[in-house]
1. Six or more apart or on different chains, Cβ atoms under 6 Å: show the pairs whose first residue is in the range 64-76 and without any contact (Cβ under 8 Å) to a residue 60 or more places away in the chain and whose second is of a type in the set (A, V, I, L, M) and not in a loop (DSSP other than H, G, I, E, B).
2. If you go through the range 36-85 one residue at a time, how many are within 16 Å of the chain's Cα centre (by Cα) and more than 19 Å from Arg20 (Cα to Cα)?
3. So, Tyr107, is that one within 19 Å of Val8 (Cα to Cα) and buried (at least 16 other Cβ atoms within 10 Å of the Cβ) or not?
4. Looking at (1) within 13 Å of the ligand (Cβ to nearest atom); (2) assigned to a strand (DSSP E or B); (3) under 14 Å from the mean Cα position of the chain (by Cα), find the lone condition where Tyr118 falls short.
5. If you go through the range 139-149 one residue at a time, do you hit one that is within 17 Å of Ser228 (Cα to Cα) and within 16 Å of the ligand (Cβ to nearest atom)?
6. Please specify each residue of the range 82-102 satisfying the condition of being under 25 Å from Ser134 (Cβ atoms), within 15 Å of the ligand (Cβ to nearest atom) and either part of a loop (DSSP other than H, G, I, E, B) or in contact with a Lys or Arg (Cβ under 8 Å, 6 or more places away or on another chain) (or both).
7. Check whether at least one residue in the range 228-238 is more than 18 Å from Ala9 (Cα to Cα) and within 15 Å of the ligand (Cβ to nearest atom), and report yes or no.
8. Can you find even one residue in the range 177-198 that is free of Cβ contacts under 8 Å to residues at least 12 places away in the same chain and away from the ligand (no atom under 13 Å from the Cβ)?
Amino acid sequence: MGRLDGKVAIVTGSTSGMGRDTAYVFAEEGAKVVVVGRRENRAKEVVETIKENGGEAIYVVADMSKPEDIQNVVDKTMEAFGTIDILFNNAGVVSFKNILDLDYDEYQNVMKINVDAYFLMTKAVAPIMKEKGSGAIINTGSVAGTAAKWGPCVYATSKHAVNGLTKAMARELGPEIRVNGILPGAIQTEMLDSAGGADAMEPMKQMSPLKKLGVGREIGTVALFFASDDSSFITGQLLRVDGGVDC
Ligand SMILES: NC(=O)c1ccc[n+]([C@@H]2O[C@H](COP(=O)([O-])OP(=O)(O)OC[C@H]3O[C@@H](n4cnc5c(N)ncnc54)[C@H](OP(=O)(O)O)[C@@H]3O)[C@@H](O)[C@H]2O)c1
């Protein structure tokens, strides 16, 4: 018996990193998983791995900066599985530029993917969940959404916005839908590699009482908690999964 038996879960940004590991965790717990990202070869690999392990999954290639692609993810999910129970808004990009070096196009692109796409995915999925009377939405924020010291200009701005969106969604989409946020610290993914990898994160590792960086599965198991009935009385919460770097 899996904790997500019979559930249908869309996981955006599941061609790599913590989204991919969450897709694996959800599938192991019985969910039918929709893998989403721009890289089709990666999406195929994730679906094949899930199927090899006895799970069920499809992929939809989508660019989260395009509203028509977002609607297509929802349409393809409904065609394949007929319902949606879980939405993990997770696809994201980072920009390392400070305000003086950041041009408006790049600012807007980060905001589109990190914030607008969560809003649009939710607007497309929530009526389906409301109609069926239940649903769980999880948004990936960041510790960069709690203080600007963890990420430069637009990344910090976008992740602060995700926190507000998570709380507004929880308030406005109840009682049928629960909405919670996961705020990762340094997790070993391609995004972290682009920030200089584990070496660059050594100071963060030393700040952590646990003296380590996180791995994708440590986000996946928390996402599972928020997706499942184990968190049935929890909504509107922002949970740091960061090894305690700020405690
Ligand atoms: N790693 C960390 O330390 C850390 C810390 C805090 C928060 N986060 C957040 O965690 C989330 C996942 O990041 P990750 O660390 O797992 O990094 P990752 O391995 O780089 O994964 C990012 C995912 O987002 C997808 N994506 C990016 N732009 C997209 C677009 N325009 N359209 C569709 N999909 C897009 C990528 O897929 P394609 O390239 O195939 O499109 C990929 O699957 C992000 O929201 C990130 O901000 C990460």
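Every number in this text was worked out from the coordinates using simple rules, so none of it is lab data. Here the structure is a predicted model, which means the values were calculated and not measured. Reconstructed Cβ throughout: ideal geometry from the backbone, glycine too, with neighbour counts over all protein chains shown.
1. Partner pairs satisfying both residue conditions: Met64/Ile113; Met64/Ala117; Ser65/Ile113; Pro67/Leu120; Ile70/Leu120; Ile70/Met121; Gln71/Ala124; Lys76/Val60.
2. Result for the range 36-85: 1.
3. No.
4. (2)
5. Yes: the range 139-149 contains one or more residues that are within 17 Å of Ser228 (Cα to Cα) and within 16 Å of the ligand (Cβ to nearest atom).
6. Scanning the range 82-102 gives Asn90, Ala91.
7. Yes, that holds for at least one residue.
8. no
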